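The block underneath contains the structure these notes are about, expressed in structure tokens.
The values are calculated or read from the model by the stated rules, or taken from the named source; none is laboratory data. Quick caveat, the model's predicted, so the values are computed rather than measured. All Cβ positions, glycine included, derive from the backbone under ideal geometry; neighbour counts span all protein chains shown. Each accessible area value is taken on the protein alone, full model and side chains, heavy atoms only, with ligands, DNA and RNA left out. Shrake-Rupley method; radii C 1.70, N 1.55, O 1.52, S 1.80 Å.
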Amino acid sequence: MAPADDQAIEARALDAAEELFYARGLQAVGMDAIRGASGISLKRLYQLFPSKEALIEAYLRRRDERWRAALERYVDDRPAGRERLLAVFDWLGRWFAEPGFRGCAFVNSYGELGATSPGVAAAARAHKDAFRRHLAALVAEADAPAALADHVLLLAEGAITTAALTGGAEPARQAREAVELLLSRSSS
């Protein structure tokens, strides 16, 4: 097969894996379900991903790239400074309102397999580290103290978890208001 064909088949497999893993969980979905959803034979799936763990790690890498890129595009469309930092919470609110929202795929994956899968644990840590670095850059751009980045991260992570549990987007607005308070205190 041509490399473009391989990429298309791999993308189809990852699309199916993302939909099923996020909706049902990693352990509840077997390779046969991925085969059925993707229309790719098990033999071909295992050629692309030698194990379910390899598929899970590829799914997490791609989800990280897509999630962070979507957030960055949204935030970058806002005026520089505080508005970009606050826009993170506007974006989170939109994400929370999407049908099928189940919280953070990385926290969910870590909760399922983090203790037994070094690859899943590493993917979850890498995602959270990258999110923290992005928030730290936005905090700096807002001329706020660097230490505020950790507080903003905790508010964002708390909002994600709370929204997953409650099924509503309100935690994003509440966390945004808390960040506004922190920003106003840091500038006085």
Rounded to the nearest Å, the spacing of the alpha-carbon centers of region 93-129 and region 9-48 is 18 Å
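To the nearest 20 debye, what is the magnitude of the charge dipole of region 92-157 about its Cα centre, counting +1 on the Cβ of each Lys and Arg and -1 on the Cβ of each Asp and Glu? Don't skip to the end; give the middle numbers.
Working: 6 positive and 7 negative charges, 33 e Å.
My answer is approximately 160 debye.
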Match the structure shown to one of the listed values (i) 38, 17, 14; (ii) 35, 16, 15; (iii) 30, 18, 15 of semi-axes √(5λ) of the Cα gyration tensor in Å, computed from it, and give that label. (ii)
Can you list which of the trypsin sites (Lys or Arg not before Pro) found in region 1-92 are DSSP loop residues with at most 13 other C-beta atoms within 10 Å? none
How large is the dipole of the chain about the Cα centre if only Lys and Arg carry +1 and Asp and Glu carry -1, each at its Cβ, rounded to the nearest 20 debye? 220 debye
Considering the options ALA178, GLY111, VAL152, tell which one lies farthest towards the positive end of the dipole of region 111-187, charges being +1 on Lys and Arg and -1 on Asp and Glu at the Cβ, about the Cα centre. GLY111
Ignoring ligands, DNA and RNA, please state the percent of accessible area on region 16-58 from carbon and sulfur, probe 1.4 Å. 49 percent
Enter the accessible area per residue of the chain (Å², integer; probe 1.4 Å; all protein chains in place). 51 Å²
